Structures are given as structure tokens and as C-alpha cells.
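To keep things clear, I will list the structure first and then write my remarks on it.
The values are calculated or read from the model by the stated rules, or taken from the named source; none is laboratory data. This structure is a prediction, so every number in the text was calculated from the model and none was measured. So basically every Cβ, Gly included, is an ideal-geometry build from the backbone, and we count neighbours across all protein chains shown.
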Amino acid sequence: MAPRVLVSDKLSPAAIDVFERRGVEVDFKPELGKDKEALAAAIGEYDGLAIRSATKVTPKVLERAARLKVIGRAGIGVDNVDIPAATAKGVIVMNTPFGNSITTAEHAIALMFAVAREIPAADASTQAGKWEKNRFMGVEITAKTLGLIGCGNIGSIVADRAIGLKMHVVAYDPFLSAERAVELGVEKVELDELFERADFVSLHVPLMDKTRNIIDAAALTKMKKGVRVINCARGGLVDEQALRAALDSGHVAGAGFDVFVDEPAERNPLFGHPAVVCTPHLGAATAEAQENVALQVAEQMSEYLIRGAVQNAINAPSITAEEAPRLKPFVALAERLGSFAGQLTDSGLKTVRIEYEGAVADMNVRALTSAAVTGLLRPQLADINMVSAPVIARERGIAIEEVRREAAQTFESVIRLTVANDGWTRHVAGTVFADGKPRIIDIKGIEIEAAFAPSMLYVTNEDKPGYIGALGQTLGAAGVNIATFNLGRAAEGGDAIALVQVDGEISEDVVAKVAALDHVKQARALRF
């Protein structure tokens, strides 16, 4: 059955063609983007939802999304999607961060020119029949210092264009390495130094708690007199009331804004000031950008729904189409190793250590770690999934450590999972055989080879004569049929482990009888 996608915003017809060409059924219903009730009523029939900015994906919509696997946003911002709710539901949220990068960067440069030379006001004056040459005295861009708050994808393009205009560029970005700054030709500085030195300040960061009002009244007082502020990123990065006051006082010479706290912006503190240039969120509004993001989101969603590839996901690790087939058996192994440890864990966890040895160490281990944590937490949290698991683990204070080793001692690839809390540690390891099926190869340092099965009995015991016979008799008397029986021991007469695959489920009563046998230390029913 082909996956189905709902397009609930206006999207290029070329994107519809992409979906259909890739074997995805698509319904183009842009009217649903402005009708939350209708969207909620329809969403249950779809595996994917393609949107732009008009559609609001709320928890109420997601509650009805029984089949939904992916939401694709044709654009960068995902403010209109409730990410935590989507994550909890196991829905991957993708955006298209590169499709409109050049367009947005160019708009920032255009606003900088418009503010520097007062072009909109001069145009209005001239077309009104006035000739006010002395009124519009602008400033040159050349040799001025541009301060970039954020030097990622769009910010780096702005930097490149500004350097071409013979500007000096300083950048504040905690994630910008010294090497990358040299490569871009920018000077990396702290935020206060940027405020002190910049003639123009341009923002290129997402809106979150750390960046909200990153330019407030205090920040504006640190800026040099005559500074000009450009914002083509997100409304809410600048305290609009404080900026208006700084404009009125003359401390700030001008501002160019494409984004606002409230949109559509019918009223705003910045409106009406002669030194302010405003546009209605046009950063991505070019024919090229709209075509690019539409094609990109259709390709990304199709790749995920058809091949399992994850690209530009906000809430999940990326997986390329080439990686997906190779990763699949190891995802299953990681999830089952986690499930094995989770089913044997009755108390809370403090640390999770996942070691990747051999060929698997060169794979996309973020996806494998998500699978392992999902399996680990699922016995206590039934609704957990690969998207939500890492977030939930962090919320619960569980430290997750990944270790890679190039060589494995016995097998081509090995995944080792160690979970711990105060006073105890649990360890299990596994591999994938040539048949593509995952196997357990080590439990608590005891070598054992066992395939995973839907219903299994796990027993730890002392290696003493008579135990195996007593176990078989107990299961037989209870009508439990043994499918496979796998044994391992640390040393003769020492600790031993049995993993027994059985037909059907094992009742707690039978498990209790096994636990009561001589030499048995622990007995658990496991389900995979």
C-alpha cells in the first residue's frame, strides 16, 4: 500500500509531481491549512503532512494523527508545529533549511542598503513630486563593520556578500569554530564586543529561550551611536518597544525589519518611524526559493516514506537513503538489546553506555542509540519511540554515553549496552549475523549465542547438575513447549545463564515456579 501525504498549504505543482513520481499518493488540499477542525478530522488518513507557514500543527491535530509519520515544512521556521507534541507522538518533523538561504541572505543585504540610504522614504518623496536631495543623507556601506548575531547557513552567506562589499565582518556565534571563522573571513567576537564595534547589526539565529530579546534595552545602550539593526530571522529576537525608544532618541540611526513578534503585523511599535524600513516577512519570497523548498520537502518526505531516509529532521537523527538498508538490522539489534536490559530493570537508571565495535562504529550511531534507548525505556513507558526517547531520557536525568572502537574482538560488528544505577550494573552485547538477524552474544560477561524471539525465559543460576532437567520438567508440566535452549556459564560450577525460547507466552505463575527451583537466582519472562 502506497504511503499517503496531505498537502495543506499552497505548494508548487512541481512538488506534487515529485510525490507522485516517487510512488506516494498525494492530496492537495490547501484550504485545510486555515481550518484546524477540518485538518484534525482529515489527518488520520495520512502518513505525511506537507506544510508551509499557514498550517498550525497543534496537539489537538496530532492526537488525531493515527498514521502520521512525518511532517515536512517547506521553509526553515517550524514555529507553527508543536515539536514536543510531535516528538511524543513519534512524528518526525523536517524542514528545508537550505532552499531559501540565498534569498533570505539577499533580503538582509537589501534591507541594509535600504536603511543606509533611506531608499523607501526617498522613493515616496520623489514620487510625490518633491525633490528633497538634502533631506536624505545616507551612509556608505564600504569600510563599515557588520556584526552578525549567528553565522550559520544564512549568516555565512550574508558574511560572504558583505565582505564582497568591502565591509569588515565580526560574528557572535557560540558554535562557530575559530577555523570556520578564518575560512569565512570573519572575526569571531563575544556579543558585548559586537555591540560595541558594529555599525550594522544583522540577526541570523532561531528564536528560543536563549535568543529571545537578545537585543533588548540593555544591549541597545551598549551599541555605538548611529548603529543600524537588521532582522530577517525571527520576530522576538529584538525588543521592539526598546528599539523604538532608541530610534526616537537618535541612538539607533535606523532599522530594517522583515519579521515581527506578532504576524501578520497590522500594528507594531516600529511602524511609522521615518528611519525604519519594514517588509511583510519576505525573506523567502522569491520564485526560486519557493520552488526550491517545495521540491526539497517533497524529496525529503518521499525518501523517508519510501526508503526510510531521514534528512533535515528537527527531532530525529538524520539517516541517508544509502545508510537506511545497512542500518536496519542494527537498529533492530540496538532496540532489542535495550529492551532486554529494560525488561530486567525495576529501578531507575542513571547512566547508559553504548559501545560500538568494528564495522558498526562507522555507521550512523545516533540512530542506533535512539533505538537502544527506546527499547530500554519502553517497558516503563509504553508510548515511547525513537523520536521521543532521547528527549525523555534527558528529562529524566539519564546520562547517555556513546563509545566507538574500530576493531571488534570476535565478530565483525558488536554493540555493547551497559546500564547502571547506584549499586548495580547490567551488561548485554549482540551482533548481526550474515543472515541479517540480530543475536545476543554476551550477558554480564558470560558468552552465549541466542536469537531474539517473541517469547523467551531468562534464567540466571548456579552451574549445578540437575538444574536443566528440573527446568525442563517444570516447563513441561506447565504445558510450555521449548523451541530453543541456549546456555552459557562463567566457569565450571560458577554463574550460568539460560535463554529459552518458548511457544506462546509464559505466565507469571510458571515464572515463579522456575524461580523457586534449586540453584536458580533469577527468572524473568521476556517479550520481543
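Check segment 463-470 and report whether any residue there is of a type in the set (A, V, I, L, M), buried (at least 19 other Cβ atoms within 10 Å of the Cβ) and over 16 Å from F330 (Cα atoms).
Applying the first criterion (of a type in the set (A, V, I, L, M)) to segment 463-470 yields 468, 470.
This time we only want the ones that are buried (at least 19 other Cβ atoms within 10 Å of the Cβ), so: none.
No, segment 463-470 contains no residue that is of a type in the set (A, V, I, L, M), buried (at least 19 other Cβ atoms within 10 Å of the Cβ) and over 16 Å from F330 (Cα atoms).
Which ones in segment 80-121 are in the same structural domain as S8 (by TED's automatic domain parsing) and acidic (D, E)? If the condition is that a residue be in the same structural domain as S8 (by TED's automatic domain parsing) and acidic (D, E), then D82 is the only one that fits. Scanning segment 126-134 for residues that are of a type in the set (S, T, Y) and not in a loop (DSSP other than H, G, I, E, B) turns up at least one hit. Comparison of E402, E395, E357 shows that the only residue that is surrounded by fewer than 16 Cβ atoms within 10 Å (Cβ to Cβ), modelled with pLDDT of 90 or more and not assigned by TED's automatic domain parsing to the domain that holds T87 is E402. Restrict the check to segment 489-505 and report whether at least one residue is hydrophobic (A, V, I, L, M, F, W, C), over 44 Å from the mean Cα position of the chain (by Cα), more than 16 Å from D442 (Cα to Cα) and outside any strand (DSSP E or B). No. Out of everything in segment 506-523 that is more than 11 Å from K464 (Cβ to Cβ) and among the charged types (D, E, K, R), what residue ends up being surrounded by the most Cβ atoms within 10 Å (Cβ to Cβ)? Among them, the one singled out is K513.
Taking into account only those residues within segment 258-305 that are of a type in the set (D, E) and over 27 Å from A316 (Cα atoms), which is modelled with the highest pLDDT? In this case the residue turns out to be D258. Among the residues of segment 6-40, those that are within 14 Å of R52 (Cβ to Cβ) and not aliphatic (A, V, I, L, M) comprise S8, D9, K10, S12, F28, K29, P30, E31, G33, K34.
Every residue, every condition in (1) in a strand (DSSP E or B); (2) assigned by TED's automatic domain parsing to the domain that holds L526, yes or no:
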site	(1), (2)
E447	yes, no
V459	yes, yes
I468	no, yes
V480	no, yes
N486	yes, yes
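Counting only residues that are over 21 Å from I109 (Cβ atoms) and either in a loop (DSSP other than H, G, I, E, B) or in contact with a helix residue (DSSP H, G or I) (Cβ under 6 Å, 6 or more places away or on another chain) (or both), segment 260-294 holds 14 of them. Screening T474, T460, T431 for residues that are under 37 Å from the mean Cα position of the chain (by Cα) and polar (S, T, N, Q) leaves exactly one candidate, T431. From the list R73, R161, the lone residue that is charged (D, E, K, R) and in contact with an Asp or Glu (Cβ under 9 Å, 6 or more places away or on another chain) is R161. Just for segment 39-87: of the residues that are closer than 21 Å to V205 by Cα and of a type in the set (A, V, I, L, M), which one is modelled with the lowest pLDDT? Going through the qualifying residues, I end up with I76.
Residue-by-condition table, conditions (1) of a type in the set (A, V, I, L, M, F, W, C); (2) touching a Phe, Trp or Tyr at 6+ places or on another chain (Cβ under 8 Å); (3) closer than 12 Å to A50 by Cα; (4) part of a loop (DSSP other than H, G, I, E, B):
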{"position": "G72", "(1), (2), (3), (4)": "no, no, yes, no"}
{"position": "I76", "(1), (2), (3), (4)": "yes, no, no, yes"}
{"position": "D79", "(1), (2), (3), (4)": "no, no, no, yes"}
{"position": "A86", "(1), (2), (3), (4)": "yes, no, no, no"}
{"position": "T96", "(1), (2), (3), (4)": "no, no, yes, yes"}
{"position": "G99", "(1), (2), (3), (4)": "no, no, no, yes"}
{"position": "A105", "(1), (2), (3), (4)": "yes, no, no, no"}
{"position": "A108", "(1), (2), (3), (4)": "yes, no, no, no"}
{"position": "M112", "(1), (2), (3), (4)": "yes, yes, no, no"}
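E118 falls short on exactly one of the conditions (1) of a type in the set (D, E); (2) touching a residue at least 40 places away in the same chain (Cβ under 8 Å); (3) closer than 30 Å to N312 by Cα, and that condition is (3). When segment 161-180 is filtered for residues that are surrounded by 15 or more Cβ atoms within 10 Å (Cβ to Cβ) and not aromatic (F, W, Y), the ones remaining, listed by number, are R161, A162, I163, L165, M167, H168, V169, V170, A171, D173, L176, R180.
Looking at R73, R117, R67, R52, can you tell me which residue is surrounded by fewer than 19 Cβ atoms within 10 Å (Cβ to Cβ), basic (K, R) and within 22 Å of V26 (Cβ to Cβ)?
Values: R73 fails: surrounded by fewer than 19 Cβ atoms within 10 Å (Cβ to Cβ); R117 fails: within 22 Å of V26 (Cβ to Cβ); R52 fails: surrounded by fewer than 19 Cβ atoms within 10 Å (Cβ to Cβ).
Checking each option against the conditions leaves just R67.
For segment 189-216, which positions are of a type outside the set (A, V, I, L, M), within 29 Å of D79 (Cα to Cα) and either touching a residue at least 12 places away in the same chain (Cβ under 8 Å) or surrounded by 12 or more Cβ atoms within 10 Å (Cβ to Cβ) (or both)?
Of the residues in segment 189-216, the ones of a type outside the set (A, V, I, L, M) are 190, 192-193, 195-197, 199-200, 202, 204, 206, 209-213, 216.
From what is left, the residues that are within 29 Å of D79 (Cα to Cα) are 190, 192, 195, 200, 202, 204, 206, 209-213, 216.
Listed by number, the residues that qualify are E190, D192, F195, F200, S202, H204, P206, T211, R212, N213, D216.
Quick one: is E335 free of Cβ contacts under 8 Å to residues at least 12 places away in the same chain and outside the structural domain of I92 (by TED's automatic domain parsing)?
No; evaluated as a whole, the condition is false for this residue.
The set of residues in segment 430-469 that are of a type in the set (D, E, K, R) and under 18 Å from E355 (Cβ atoms) comprises R439, D442, K444, E447. Restricting the search to strands (runs of 3 or more DSSP E) fully inside segment 328-436 and requiring at least 3 residues that are hydrophobic (A, V, I, L, M, F, W, C) gives 399-405, 413-421, 424-432.
When the residues of segment 217-248 are narrowed to those that are buried (at least 19 other Cβ atoms within 10 Å of the Cβ) and touching a Pro at 6+ places or on another chain (Cβ under 7 Å), which ends up nearest to L207 (Cα to Cα)?
Initially, segment 217-248 is screened for residues buried (at least 19 other Cβ atoms within 10 Å of the Cβ), giving 219-220, 223, 227-240, 242-244, 246-247.
Then keep just the ones that are touching a Pro at 6+ places or on another chain (Cβ under 7 Å); that gives 234, 240, 244.
Working: R234: 6, E240: 15, R244: 20 Å.
Here the answer is R234.
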